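Enquirer: One structure, pasted below without further comment.
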Amino acid sequence: MYRECKLFDSLDFNDYIYKATHRCEIICYHELLLKMTRTFADKVLDFNKNLHYPGKLPNGFQVMNPYLENPETNVVSAQFYKKYYDDFARRRFIIGINPSRHGAGVTGVPFTDTKRLESVCGIEMASAHTHEISSVYMYDVIESYGGAAKFFADFYINSPFPLAIIREAAAGKWINANYYDDPNLFKMLKDFMLDSLQNHIDLGLDTSQVFVLGKRNAVFIHKLNQEKKMFDSIVTLEHPRFIQQYKSKEKQLYIDKYILAFNNMCP
């Protein structure tokens with residue numbers, strides 16, 4: 001037995017093709033319109049929402065992902081980015097190392113502990129209360145630059161590895177770790193870091209000059225940049241934690257150095 005097949009006549013087929021093409025054009029236009037109307041904040045929040053490190057780690061290291069572990073992190077970070085980044089402006093890139101467990105490892109906002117999130121940004125976090133010395137210094141810089149609104153309108157801060165890393169220092173005791181603390185750790189994280197840096201750039205960043213916090217961090221960023229040619233120029237600044245912890249008496253000198261660099265007046 002053979003089943004009869006009814007074929008399109010030429011008029012029906014042409015009409016079908018026209019309608020299908022028209023629908024495709026509408027869908028493509030809608031997708032393009034969505035992309036064009038997505039603000040810097042929307043893109044950052046999408047990036048954070050999809051953050052997940054699927055790779056391996058050496059023994060004794062763990063990754064903290066506050067966007068998965070604490071629902072309030074997504075709430076307060078969304079409030080922050082919608083407050084300061086809900087526009088289409090290009091921004092300059094400040095590159096940290098990786099978040100600390102008391103800063104962005106809790107709030108989801110780089111170099112921002114819960115104290116600064118509330119006292120400076122006006123955003124309260126009920127589920128956690130943290131103090132991070134790097135945040136203290138960075139917000140002193142922000143104030144000297146002209147305040148949070150002016151600073152965040154010009155700059156975006158994040159890290160090549162945008163999740164907190166901790167390592168076991170003793171039985172049951174975990175402390176902050178840097179991505180470069182162990183050669184095997186860096187090797188395992190490297191490809192993810194390169195992808196993350198490119199994802200940061202795709203948010204809409206000016207890559208002609210970037211600011212890297214921490215001299216050892218800068219060594220690794222230079223190596224990554226030699227491989228992928230992401231940035232035209234790299235300016236190295238001392239890390240906020242180093243300044244706050246070891247150079248506190250000269251703190252204002254370092255703040256001035258940051259401001260000069262940000263104003264393109266660095267030597």
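The values are calculated or read from the model by the stated rules, or taken from the named source; none is laboratory data. What you see is a predicted model, and the numbers here were worked out from it, not measured in a lab. So basically every Cβ, Gly included, is an ideal-geometry build from the backbone, and we count neighbours across all protein chains shown. Ligands, DNA and RNA are excluded from the accessible area calculation, which covers all protein heavy atoms including side chains. Shrake-Rupley method; radii C 1.70, N 1.55, O 1.52, S 1.80 Å.
Enquirer: Could you look through the range 100-109, keep only residues that are part of a loop (DSSP other than H, G, I, E, B) and open to solvent by less than 20 Å² (accessible area, probe 1.4 Å), and pick out the one that is nearest to Lys150 (Cα to Cα)?
Expert: Val109
Enquirer: Going residue by residue through the range 121-128, is there one that turns out to be touching a Ser or Thr at 6+ places or on another chain (Cβ under 9 Å), more than 23 Å from Asp181 (Cβ to Cβ) and open to solvent by 40 Å² or more (accessible area, probe 1.4 Å)?
Expert: Yes, the conditions are met somewhere in the range 121-128.
Enquirer: For the range 202-262, which fully contained helices (runs of 4 or more DSSP H) count at least 3 residues that are open to solvent by 10 Å² or more (accessible area, probe 1.4 Å) and closer than 24 Å to Lys150 by Cα?
Expert: Output list reads 251-262.
Enquirer: Within the range 129-151, how many residues are open to solvent by 10 Å² or more (accessible area, probe 1.4 Å) and assigned to a helix (DSSP H, G or I)?
Expert: Selection size over the range 129-151: 10.
Enquirer: For Ile175, are the conditions met, namely being under 20 Å from the mean Cα position of the chain (by Cα) and either within 24 Å of Ile255 (Cβ to Cβ) or assigned to a strand (DSSP E or B) (or both)?
Expert: no
Enquirer: In addition: Can you tell which of Asn199, Asn158 is within 22 Å of Thr39 (Cβ to Cβ) and either in contact with a strand residue (DSSP E or B) (Cβ under 9 Å, 6 or more places away or on another chain) or among the β-branched types (Val, Ile, Thr) (or both)?
Expert: Just one listed residue meets the conditions, Asn158.
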